[in-house]
Amino acid sequence: MKFDINEVIAQMSGAVKDTVSENWSDAKSATSQFLTNRKERLALIAELRLTGDLTQEKFESRLNDEKLILEAELHAVAVITKAIAQKAANAAIDVLTKAVSTALGGIL
């Protein structure tokens, strides 16, 4: 399956929106800014994993770094609890992980 970073970014944004629900108006700006600013890096991480230039362990480590950055940004600008920020960041990164897994044929 082909990996489309634009589709994945839209799905990541939707995952955050679904997680923060009534706090979306607060989190929307931080989420959009994160995804816009990190899009190229997320695409590179995915591409390196898809080509086999990044091991699964390093892929997960890089995604954890991205998750922590998103969580911090959401928590800093949005009036949401740390637990909700963590869940939202997890949901967004899970979307990326699943998209890469699907593109790899489900071998993650």
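FYI, it's all coordinate maths here, none of it is from the lab. Remember, it's a predicted structure, so these values are computed and weren't measured experimentally. Neighbour counts run over all protein chains shown; Cβ positions are idealised from the backbone, glycine included.
Summary of computed values
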| read-out | value |
| --- | --- |
| Any pair with Cβ under 6 angstrom, 6 or more apart, that starts in segment 42-60 at a residue that is free of Cβ contacts under 8 Å to residues at least 60 places away in the same chain and surrounded by 13 or more Cβ atoms within 10 Å (Cβ to Cβ) and ends at one that is of a type outside the set (Phe, Trp, Tyr) and not in a helix (DSSP H, G or I) | 48/54 |
| So residue 36, is it assigned to a helix (DSSP H, G or I), within 12 Å of the chain's Cα centre (by Cα) and surrounded by fewer than 15 Cβ atoms within 10 Å (Cβ to Cβ) | yes |
| Qualifying residue in segment 72-87 (condition: surrounded by 13 or more Cβ atoms within 10 Å (Cβ to Cβ) and among the polar types (S, T, N, Q)) | yes |
